[in-house]
Each structure stands twice: as structure tokens, then as C-alpha cells.
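J.: I have a structure I would like to understand better, so I am pasting it below and will then ask my questions one at a time.
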2 protein chains.
Amino acid sequence: MTTTGPSRRQRSDAQQNAIAVVKAAKEVFARGGVDAPAKEITDLAGVGVGTMYRHFPRRSDLVAAVMANEIDACADAAQALATAAKPGEALTQWAELYFDLVATKRGLAAALTSDDPGLQEIGPSVRDRLEPALQSLLDAARRTGAIHSELEAKGVITALALLCHPVPDEGVDFNRRLIAVFLNGLLVP
Amino acid sequence: MTTTGPSRRQRSDAQQNAIAVVKAAKEVFARGGVDAPAKEITDLAGVGVGTMYRHFPRRSDLVAAVMANEIDACADAAQALATAAKPGEALTQWAELYFDLVATKRGLAAALTSDDPGLQEIGPSVRDRLEPALQSLLDAARRTGAIHSELEAKGVITALALLCHPVPDEGVDFNRRLIAVFLNGLLVP
DNA sequence: AAATATACGGAAAGGTGTTCCGGAAAACAA
DNA sequence: TTGTTTTCCGGAACACCTTTCCGTATATTT
């Protein structure tokens with residue numbers, strides 16, 4: 001049996017490479033979706049495929065890394081909105097933020113709702129971060145009677161992610177309208 | 001240049017094989033989604049892969065063949081509902097039919113909204129069949145003031161298809177609730 | 001400078017979708 | 001029935017990706 005081996009701090013080139021891969025992935029994902037060939041990412045990052053898989057064994061790890069910053073910002077925004085605006089409006093505004101996060105990046109909506117084994121992790125991990133924030137918005141809205149439905153945060157966040165899927169021959173405004181109808185159904189007029 | 005060659009009627013074994021492939025695909029799609037390996041379908045059908053690709057060059061051709069009957073039935077049902085029920089209810093009832101068609105078949109919702117080149121055809125082809133029927137329901141509902149939104153048939157049918165996507169760890173009732181909220185937003189209370 | 005853990009690159013292995021073609025079989029003609 | 005023509009079949013071959021693996025290179029530590 002081995003105890004935790006002689007630990008040494010991570011090599012600096014490894015750190016640089018990880019950053020380069022995330023940056024390249026961000027660009028490639030935006031263009032070609034999260035199913036883009038690995039080689040496209042590694043070529044752009046200037047590393048070998050092995051390097052990518054060492055840092056991000058599953059595709060979901062890479063997707064999560066790409067989104068981490070924006071997810072955090074979105075969660076924080078929810079907290080801010082919870083106290084700043086009227087509950088009903090806060091919800092609408094937050095939905096718009098979430099929409100900007102998901103719908104404007106080709107393939108990201110698909111990643112969030114995929115049942116592909118390599119991506120299954122990411123939906124839940126994103127929700128773990130965002131659900132509590134959204135739930136507090138929902139609770140506040142429900143207390144003031146602004147909410148009609150029984151739906152919990154998971155339902156809302158799932159519906160939004162689904163309605164963000166790119167639709168052939170349509171721009172993001174199409175999705176925006178779908179979401180508007182959904183929110184309309186959620187909030188009491 | 002060649003004129004249309006000496007035409008002869010299709011061989012009977014070819015017809016049988018095509019039918020066998022569709023039948024097998026129906027079963028495999030229901031289990032494993034529309035991205036199931038081709039070999040799984042051909043093995044079940046008892047034919048070689050070449051046979052399948054000859055009859056159905058793109059995956060979407062096969063999916064369309066599998067669904068053709070049910071799509072027709074769903075479109076006809078819309079026509080019937082248009083005259084039978086109150087416009088608002090007719091819409092809700094038709095949505096339930098569409099839901100049964102799409103949500104209960106794993107992966108079919110994904111096929112309808114995929115941007116995979118091999119599947120792009122099927123969303124439109126289904127919509128071409130279903131949109132006119134739904135549009136007449138929408139128009140009727142709008143005439144009686146039961147409809148709130150500006151959304152056209154394409155928007156409604158797209159939203160329904162999206163909200164039918166299987167959600168990990170949740171059953172179809174989860175999707176049903178999402179759709180209920182959407183319809184609630186579509187119809188004036 | 002030497003020693004050692006860490007990380008790299010890309011070749012190899014494994015899998016799946018799609019094409020292709022020699023041979024088999026059905027349809028037709030006589 | 002027998003021969004000829006056309007269609008169609010099966011699965012090997014090809015192409016493209018993902019993922020693993022390991023000999024080599026390099027950063028870090030002593």
C-alpha cells in the first residue's frame with residue numbers, strides 16, 4: 001500500500017497548457033458546438049491530444065471549465081436581483097441573463113440537457129451551482145403571489161435550457177419568444 | 001446523355017427488406033434513441049448494413065419512415081379537434097397527443113430538434129405535415145380570444161418538441177408539467 | 001549538477017458511420 | 001425452361017474520432 005506520494009507542486013508548463021486548452025475549447029465550442037473534434041481543440045491550443053485528456057479526462061470536464069466563470073457570474077447576479085427588484089421582475093431579468101449565457105453559445109444548450117455519457121455530468125454540476133440562487137428568486141416571487149405554478153427551480157432551469165436550443169433557420173430571438181411565453185405561464189398576470 | 005433506362009418493378013425481396021429495417025429501427029429507436037448504432041438495427045432486421053444505407057441513405061430518412069404513420073394520425077387528430085372542442089381546449093388536447101407521440105419515444109425529441117446534418121431533414125419534414133393542422137387550431141383559438149401570444153405554429157411545435165426532451169432522473173410527468181406551464185403562458189386565463 | 005517526479009506528444013488501439021463492389025438472385029424475354 | 005438483364009445483397013474496406021499508453025523531454029528539488 002502506498003501513502004500519498006512525495007507531493008510536489010504542479011509544473012508551470014502544465015498549468016499553462018491547461019489554460020491554453022480551455023481557451024481554445026471556448027473558441028471551438030462557440031463555433032462548432034461541444035461535440036467538436038478533439039483535434040481541432042488541441043491544434044488550436046498547440047498541444048498534443050494526450051495533454052488535453054490528462055487535464056480533462058471527460059468532455060464534460062472541459063465544458064465545465066469553459067463555463068465556470070460565467071456560471072459563477074450568473075449565480076451571483078441572482079443573489080443581487082433577489083434583493084434589488086420586485087420578485088416577478090427579478091425572475092424575468094435573471095432568465096434573460098441565463099439566456100445570454102446559454103443561447104448565445106452554439107451547442108451549450110445541448111450540452112446542458114444531453115444524455116450522452118460523456119456530458120451527463122455537466123447538467124447537474126451547473127444546476128448545483130445555479131439552482132439555489134434561482135430557488136431563492138422563486139420563493140420570493142411565490143411569497144408575493146407573483147407565481148402561479150408549482151414548478152421548482154429544477155423545472156424552471158431545465159425548461160429554460162431546453163428552450164435555448166438553437167433552431168435551424170431561426171435566430172436567438174426566436175428562442176427568446178419561446179421563453180417569454182414560458183415565463184408568462186409561470187407568472188400570474 | 002441517358003434517358004430514363006428500361007424501368008422494371010422493384011424486386012420483392014427489396015421491399016421486404018425495407019419493411020424489415022423500418023420495423024427493426026422502430027424497436028431499436030424506442031430503446032436506445034435515434035443515435036443507436038446502425039449494426040444494432042441491421043442485425044435485428046437480419047440484413048447487411050449496405051442494405052440499410054441503400055434504402056435509407058441518411059438517418060433522417062429512416063426516422064421519418066418510422067414515424068410516418070404516427071405523424072399522420074396526429075395531424076388528422078388536429079383536424080378533428082378543430083371542429084369538436086372549444087379552441088382553447090382543443091389546443092391543450094392536441095398538445096397532449098403530440099406529447100404522447102414525441103416524449104414517450106426516447107430520443108425522438110432530440111431527433112426533431114437536432115442540428116446534426118444527418119437529422120436536419122426530419123424536423124422540417126415533420127413540421128410540414130403538422131404545422132398546417134396546428135395552425136388552424138391556433139387561428140381558431142385566436143379568433144375566440146383564447147390566445148394571448150403572437151407565436152405562430154412553428155414556435156409552438158418547436159417549443160413542445162424541445163420540452164419533450166428526456167430529463168435525466170425524471171420521468172415524462174416532469175416534461176408534462178413543463179409543457180403545462182408553457183401552454184398556460186400561451187392561453188389567456 | 002544530479003536526481004526524480006511530472007508532463008508532453010503523438011503513435012496505436014478500439015469503435016462507429018458510410019461507401020463500394022463482386023457475386024447472388026429476381027424479373028423479364030424467348 | 002433457359003438465358004439475359006437489371007436489381008439488390010452482404011460485408012469487407014475505408015474514413016474519421018475518441019481514448020489509452022509509453023518512451024522521451026523538462027521542470028523542480030536537493
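The values are calculated or read from the model by the stated rules, or taken from the named source; none is laboratory data. Quick caveat: nothing in here was measured; it's all calculated off a predicted structure. Every residue, glycine among them, receives a Cβ derived from its backbone with ideal geometry; neighbour counts consider all protein chains shown.
J.: Going by the conditions given, is residue B:49 surrounded by fewer than 17 Cβ atoms within 10 Å (Cβ to Cβ) and out of contact with any Gly (no Cβ under 9 Å at 6 or more places or on another chain)?
T.: On the way: surrounded by fewer than 17 Cβ atoms within 10 Å (Cβ to Cβ): yes; out of contact with any Gly (no Cβ under 9 Å at 6 or more places or on another chain): yes.
Here the answer is yes, as residue B:49 does meet what is asked.
J.: Being within 16 Å of DNA strand C (Cβ to nearest atom), outside the structural domain of residue A:156 (by TED's automatic domain parsing) and at positive phi is the requirement here; does residue A:46 meet it? Break it down stepwise before answering.
T.: Numbers: within 16 Å of DNA strand C (Cβ to nearest atom): yes; outside the structural domain of residue A:156 (by TED's automatic domain parsing): yes; at positive phi: yes.
Yes; evaluated as a whole, the condition is true for this residue.
J.: Go over the candidates A:103, A:95 one by one and state the one that is in the same structural domain as residue A:147 (by TED's automatic domain parsing), touching a helix residue (DSSP H, G or I) at 6+ places or on another chain (Cβ under 9 Å) and modelled with pLDDT under 95. Outline the logic, then answer.
T.: Working: A:95 fails: modelled with pLDDT under 95.
Testing whether each residue is in the same structural domain as residue A:147 (by TED's automatic domain parsing), touching a helix residue (DSSP H, G or I) at 6+ places or on another chain (Cβ under 9 Å) and modelled with pLDDT under 95 leaves just A:103.
One line per residue, one yes/no per condition, for (1) modelled with pLDDT under 90; (2) of a type in the set (Val, Ile, Thr):
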site: B:54; (1), (2): no, no
site: B:59; (1), (2): no, no
site: B:84; (1), (2): yes, no
site: B:108; (1), (2): yes, no
site: B:119; (1), (2): yes, no
site: B:122; (1), (2): yes, yes
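J.: Here's another thing I want to ask about it. Is there a residue being modelled with pLDDT of 90 or more, touching a Leu at 6+ places or on another chain (Cβ under 8 Å) and more than 9 Å from chain A (Cβ to nearest Cβ) anywhere in the range B:127-139? Step through it out loud before you land on a result.
T.: Within the range B:127-139, the subset modelled with pLDDT of 90 or more is B:130-139.
Those left that are additionally touching a Leu at 6+ places or on another chain (Cβ under 8 Å): B:137-138.
Within this subset, residues satisfying the condition of being more than 9 Å from chain A (Cβ to nearest Cβ) are B:137-138.
Yes, the range B:127-139 contains a residue that is modelled with pLDDT of 90 or more, touching a Leu at 6+ places or on another chain (Cβ under 8 Å) and more than 9 Å from chain A (Cβ to nearest Cβ).
J.: Report every pair of residues separated by at least 6 positions or lying on different chains whose Cβ atoms are under 7 Å apart, first residue within the range A:95-110 and at positive phi, second surrounded by 21 or more Cβ atoms within 10 Å (Cβ to Cβ).
T.: Cβ pairs passing all conditions: A:107/A:29; A:107/A:34.
J.: Just the residues that are near DNA strand C (Cβ under 9 Å from one of its atoms) and modelled with pLDDT of 95 or more, please, taken from the range A:1-19. Write out each step before concluding.
T.: Filtering the range A:1-19 down to residues near DNA strand C (Cβ under 9 Å from one of its atoms) leaves A:5-18.
Within the range A:1-19, A:11, A:12, A:13, A:14, A:15, A:16, A:17, A:18 qualify.
J.: What residue, among those in the range B:54-75 that are without any contact (Cβ under 8 Å) to a residue 12 or more places away in the chain and not in a loop (DSSP other than H, G, I, E, B), is farthest from residue B:134 (Cα to Cα)? Walk me through how you get there before you give the answer.
T.: Kept after step one, since they are without any contact (Cβ under 8 Å) to a residue 12 or more places away in the chain, are these residues of the range B:54-75: B:54, B:57, B:68-69, B:73.
From the residues that got through so far, the ones that are not in a loop (DSSP other than H, G, I, E, B) too are B:54, B:68-69, B:73.
Numbers: B:54: 34, B:68: 17, B:69: 17, B:73: 13 Å.
Here the residue is B:54.
J.: Mind telling me which of the residues A:166, A:124 ends up being facing another protein chain (nearest Cβ under 9 Å), touching a residue at least 60 places away in the same chain (Cβ under 8 Å) and not hydrophobic (A, V, I, L, M, F, W, C)? Let's see the steps before the verdict.
T.: On the way: A:124 fails: touching a residue at least 60 places away in the same chain (Cβ under 8 Å).
Criteria check complete, one pass: A:166.
J.: Among (1) modelled with pLDDT of 90 or more; (2) surrounded by fewer than 20 Cβ atoms within 10 Å (Cβ to Cβ); (3) more than 9 Å from every other protein chain (Cβ to nearest Cβ), where does residue B:157 come up short?
T.: In the conditions (1) modelled with pLDDT of 90 or more; (2) surrounded by fewer than 20 Cβ atoms within 10 Å (Cβ to Cβ); (3) more than 9 Å from every other protein chain (Cβ to nearest Cβ), residue B:157 misses (2) alone.
J.: Given the criteria more than 13 Å from DNA strand D (Cβ to nearest atom), assigned to a helix (DSSP H, G or I) and assigned by TED's automatic domain parsing to the domain that holds residue A:152, does residue A:30 qualify? Steps first, answer last, please.
T.: On the way: more than 13 Å from DNA strand D (Cβ to nearest atom): yes; assigned to a helix (DSSP H, G or I): yes; assigned by TED's automatic domain parsing to the domain that holds residue A:152: no.
Here the answer is no, as residue A:30 does not meet what is asked.
The rows are residues; the columns are (1) closer than 20 Å to residue A:78 by Cα; (2) not β-branched (Val, Ile, Thr).
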site: A:105; (1), (2): no, yes
site: A:112; (1), (2): yes, yes
site: A:153; (1), (2): yes, yes
site: A:158; (1), (2): yes, no
site: A:188; (1), (2): no, no
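J.: Does residue B:44 count as within 14 Å of chain A (Cβ to nearest Cβ), at pLDDT 90 or above and over 30 Å from residue A:111 (Cα atoms)?
T.: Details: within 14 Å of chain A (Cβ to nearest Cβ): no; at pLDDT 90 or above: yes; over 30 Å from residue A:111 (Cα atoms): yes.
No; evaluated as a whole, the condition is false for this residue.
J.: List pairs: first residue in the range A:9-20 and more than 8 Å from DNA strand D (Cβ to nearest atom), second residue modelled with pLDDT of 95 or more anywhere in the structure, Cβ distance under 6 angstrom, at least six positions apart or on different chains.
T.: A:17/A:47; A:17/A:51; A:18/A:55; A:20/A:45
J.: Taking the stated definitions as given, is residue B:78 part of a helix (DSSP H, G or I) and in contact with a His (Cβ under 7 Å, 6 or more places away or on another chain)? I'd like the intermediate steps shown before the answer.
T.: Working: part of a helix (DSSP H, G or I): yes; in contact with a His (Cβ under 7 Å, 6 or more places away or on another chain): no.
Against the criterion (part of a helix (DSSP H, G or I) and in contact with a His (Cβ under 7 Å, 6 or more places away or on another chain)), residue B:78 does not qualify.
J.: Name the residue that is farthest from DNA strand C (Cβ to nearest atom), counting only residues in the range B:78-92 that are away from chain A (no Cβ under 14 Å) and crowded, with 18+ Cβ neighbours inside 10 Å.
T.: Step one: list which residues in the range B:78-92 are away from chain A (no Cβ under 14 Å), which gives B:78-87, B:89-90.
Restricting the remaining residues to those that are crowded, with 18+ Cβ neighbours inside 10 Å gives B:78, B:81-82, B:87, B:90.
Details: B:78: 32, B:81: 37, B:82: 39, B:87: 42, B:90: 39 Å.
Selected residue: B:87.
J.: Another one. Given the conditions (1) of a type outside the set (Phe, Trp, Tyr); (2) over 26 Å from residue B:65 (Cβ atoms); (3) touching a Phe, Trp or Tyr at 6+ places or on another chain (Cβ under 8 Å); (4) within 10 Å of chain A (Cβ to nearest Cβ), report the number of the one that residue B:148 does not fulfil.
T.: (3)
J.: Let me ask you something else. Quick one: in the range A:169-178, which of the residues that are in a helix (DSSP H, G or I) and either touching a Pro at 6+ places or on another chain (Cβ under 8 Å) or surrounded by fewer than 23 Cβ atoms within 10 Å (Cβ to Cβ) (or both) is farthest from the other protein chains (Cβ to nearest Cβ)?
T.: Here is the first cut: in the range A:169-178, the residues in a helix (DSSP H, G or I) are A:172-178.
Now narrow it down to the ones that are either touching a Pro at 6+ places or on another chain (Cβ under 8 Å) or surrounded by fewer than 23 Cβ atoms within 10 Å (Cβ to Cβ) (or both): A:172-177.
On the way: A:172: 13, A:173: 11, A:174: 7, A:175: 9, A:176: 11, A:177: 6 Å.
Only one residue tops the list, namely A:172.
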